[in-house]
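**Student:** Dropping a structure here in structure tokens format, bear with me for questions.
Coordinate-derived values only; no laboratory data. Here the structure is a predicted model, which is why all the values come from computation and not from measurement. With ideal geometry, Cβ positions are generated from the backbone for all residues, glycine too; neighbour counts draw on all protein chains shown.
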Amino acid sequence: MPTIKPLPELLINQIAAGEVVERPASALKEILENSIDAGAKKITVQLQQGGVKQIRVTDDGSGIAKDELLLALTRHSTSKISTLEDLHRITSLGFRGEALASIAAVSRLTLTSRQAGQNHAWQIGIEGKAVSQPEPAALAGGTMLDVNDMYFNIPARRKFLKSEATEFAHCDETFKRLALSQAGIEFVLQHNGTVRRLLRATSSTQRIAAVLGEEFGQTAAPVDEQSADMRLHGLVALPAYARSSRDAQYFFVNNRFVSDKLISHALREAYRDVLHLDKHPAFALFLEIDPESVDVNVHPTKTEVRFREARALHQFIFHAINKALATPSRTMNTAEPEQPARSFPAYPKTGQAQSAPVSQPGSFYGTLFGVEPRAYPATPANTFAVQTAEPDQTITAQEKSDNHPLGFALGQLHGVYILAQNARGLVVVDMHAAHERIMYEQLKQALDQHEIAMQPLLIPVVLHADSLEVAVVEENHSTLEQLGFDIAILSPATLTVRAVPASLKDTDIAQLARDILREIREYGASQILTAQRNEILATMACHGAVRANRRLTLEEMNALLRDMEQTERSGQCNHGRPTWFETSLAELDKLFMRGK
């Protein structure tokens, strides 16, 4: 039997490198974290061949004393913790004291540093077991770490590295994460002598826009919520700007990037009601929490953490994101900056313009909800559809008001879209998608309050049914009543619908009943009112929403716009698609080449 003996120090470090230094990006992460912990205000990263040939990180931090250079490359040597109590309250990014020793074990490493007040810098090098003595070097201040020929002494490991482009992409992603978390630090990234990123010190919001793109910065919803001992702030993309991959998801706990299942679940739940199909949300969020409430010493890479009050944190994150996404249209960001109101000469006509041909009674929109039309302001007279002959007429004060960011209706396009004008330009609304969201939110609220109004039908609707549909009615009278339906059995193959939710009384009653019975049969009554609650309400809302080619009067269009402004999540339909967009006057001017 082989004898037990201690491993050589170099082999120990190489084993540790297998956990900490998976690829060049892993080494870059550890080095950048050390620079940040050293108080650097500017950090420059220079890479060669995706970081495989060279990683050079230069910072203007506090530097390392000559006598501590060798210690900095020794395992379990650190300036960041000294007691068990320190480990329970980590405020730095690095703390184990393993990273540099592990990196040095698999590369040719040179460490140069100069503290404030020193006449010059000192440099130390290490290659395998060979360690040089500190010697004078030139450096203005701070620290420069050169890591060359990654895995030169472990060829088997080097073979697992990917192409130069792939390794650089991983390094770039690591760079972005650290840059996002430290907006007050200037970061520079070079690859093969070319500057790839230059990020000046700025605010957190501006840094997010610089890293994730101006479109994200302009269209994302702000988040800033605080509880007794937690604060969550940052930006989350609106569902219309969701992506097909998870490549723009950044969550930081006390400025440390983390990938945590609890947090991911809370975010998915917050988006669940508005995200389309297989899309993924984009976000950059920062959680500030008492360090004693989070354990960052869970995994060598420090991207996994453990929370003391996991359930409370989950609810806090869920409600914060849900609130940001539920903001009605009046505060949603738009892709174009707001333009000043402009005046235009009147159209050379007199009289009031007429809306598109109307094939429904004037109160149709109101009757969809089983109530009289709401007393919303009508389109300002002689303002929108066609202007009067007064040459100096300008956009009215009512139109300029932020109380109505969706503006006032001009008319319909092909019976599908509402065209409206606001102070910034043109608003286009998908009337079916918008009305579907309004009805969905109203049904949710009514069900939560057990107040779904039931409308008896003057003439009950009789429909042929199979044995399963009849069984669903027989076994689920209570569930159907809670959803606003009164369905009775006439015979083993016949059902009669005697009442439906008031807001759905003008729909295809037979098809609506069949869809509801099918979903109850598929999921069961208990699931329909709990886990599948939103799905069945979405089905009901889709039946009740205004259909394409439905002609509305200007008053009905404006009523829909006002409802959108007051409805949570009205920017997306129940399937996550956008319900409206705005085109500014500046954008329209570009299309028509005005001013050129």
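**Student:** Per residue of region 162-175, what does 6.51 cos²θ - 1.76 cosθ + 1.60 with θ = phi - 60° give for ³J(HN,Hα)? Whole Hz please, x for Gly and Pro, Karplus curve as stated.
**Tutor:** Per residue, the Karplus-derived 3J(HN,Hα) values read 8, 5, 4, 4, 5, 5, 5, 4, 5, 5, 4, 5, 4, 4 Hz.
**Student:** Return the sequence-ordered ³J(HN,Hα) values of region 25-36 in whole Hz as given by the Karplus equation 6.51 cos²θ - 1.76 cosθ + 1.60 applied to θ = phi - 60°, using x for Gly and Pro.
**Tutor:** Values, residue by residue: 4, 5, 5, 4, 4, 5, 5, 4, 4, 5, 5, 5 Hz.
**Student:** OK, next. How large, in Å, is region 125-191 by the Kirkwood hydrodynamic radius built from its alpha-carbon pairs?
**Tutor:** Computed over region 125-191, the radius equals 15.3 Å.
**Student:** Give the Cα extents of region 401-497 along the principal axes, in whole Å, largest first.
**Tutor:** Projected onto its principal axes, the Cα set of region 401-497 covers 60, 33, 25 Å.
**Student:** Quick check on the exposure proxy: order 149, 563, 229 from fewest to most C-beta atoms within 10 angstrom.
**Tutor:** 229, 149, 563
**Student:** Give me the orientation-averaged projected area of the Cα convex hull of region 555-596, in nm², one decimal.
**Tutor:** Across all orientations, region 555-596 yields a mean hull projection of 4.4 nm².
**Student:** Hey, another quick one. Mind running the shape call on region 453-544? Use the C-alpha gyration tensor, a ≥ b ≥ c as the square roots of the eigenvalues: rounded below 1.5 for a/c, prolate if a/b tops b/c, oblate otherwise.
**Tutor:** Oblate, since a/c reaches 1.5 and b/c is not below a/b.
**Student:** Something else about it: At a 10 Å Cβ-Cβ cut-off, how would you order 509, 185, fewest neighbours first?
**Tutor:** 509, 185
**Student:** Residue by residue, what Karplus-based ³J(HN,Hα) values in Hz, rounded to whole numbers, does region 260-274 have, using 6.51, -1.76 and 1.60 with θ = phi - 60° and x for Gly and Pro?
**Tutor:** Values per residue, Gly and Pro as x: 10, 5, 4, 5, 4, 5, 4, 5, 4, 5, 5, 8, 4, 7, 9 Hz.
**Student:** Given H placed 1.01 Å from N in the peptide plane, which residues other than close sequence neighbours of residue 327 have an amide H under 5 Å from its amide H?
**Tutor:** Under 5 Å from the amide H of residue 327: 569.
**Student:** For residue 186, list long-range residues whose amide hydrogen, built 1.01 Å from N in the peptide plane, is under 5 Å from its own amide hydrogen.
**Tutor:** 42, 43, 201
**Student:** Also: If you take every residue apart from residue 509 with its C-beta less than 14 Å away from the C-beta of residue 509, what net charge results, scoring Lys and Arg +1 and Asp and Glu -1?
**Tutor:** Neighbourhood net charge equals -1.
**Student:** OK, next. Using a ≥ b ≥ c from the Cα gyration tensor of region 510-596 (square roots of the eigenvalues), is it rounded, prolate or oblate, where a/c under 1.5 gives rounded and otherwise the larger of a/b and b/c decides, a/b for prolate? Mind showing how you got there, number by number?
**Tutor:** Details: a/c = 3.19, a/b = 2.41, b/c = 1.32.
Taking the square roots of the gyration eigenvalues as a ≥ b ≥ c, region 510-596 is prolate.
**Student:** Still on this structure: Long-range amide H contacts for residue 486: which residues qualify at under 5 Å (H placed 1.01 Å from N, peptide plane, sequence gap of 5 or more or a different chain)?
**Tutor:** It is 498, 499, 500, by chain and number.
**Student:** Would you mind calculating the relative contact order of region 433-522 from Cα pairs under 8 angstrom and at least 6 residues apart, reporting the percent as a whole number?
**Tutor:** Details: 115 pairs, mean separation 28.8, N = 90.
Relative contact order for region 433-522 comes out at 32 percent.
**Student:** With the Cα gyration tensor of region 204-326 giving a ≥ b ≥ c as the square roots of its eigenvalues, does the rule (a/c under 1.5 for rounded; else a/b larger than b/c for prolate; else oblate) give rounded, prolate or oblate?
**Tutor:** prolate
**Student:** If we count other beta carbons within 10 Å of each Cβ, what is the order of 280, 464, fewest first?
**Tutor:** Ordered from fewest to most neighbouring Cβ atoms within 10 Å, 280, 464 come out as 464, 280.
**Student:** Something else: Just list whichever of 279/444; 41/159; 42/129 have alpha carbons separated by over 27 Å in the model shown.
**Tutor:** On the way: 279/444 24 Å; 41/159 36 Å; 42/129 32 Å.
From 279/444; 41/159; 42/129, over 27 Å: 41/159; 42/129.
**Student:** Using Cα-Cα distances under 8 Å and only pairs 6 or more residues apart, what relative contact order does region 477-534 have, in percent?
**Tutor:** Taking the mean separation of contacting Cα pairs over the length of region 477-534, I get 22 percent.
**Student:** I need the Debye-formula profile for region 179-240: one equal scatterer per C-alpha, no solvent, reported as log10 I(q)/I(0) at q = 0.15, 0.22, 0.23, 0.29 1/Å, two decimals.
**Tutor:** One equal scatterer on each Cα of region 179-240 leads to -0.55, -0.92, -0.97, -1.16.
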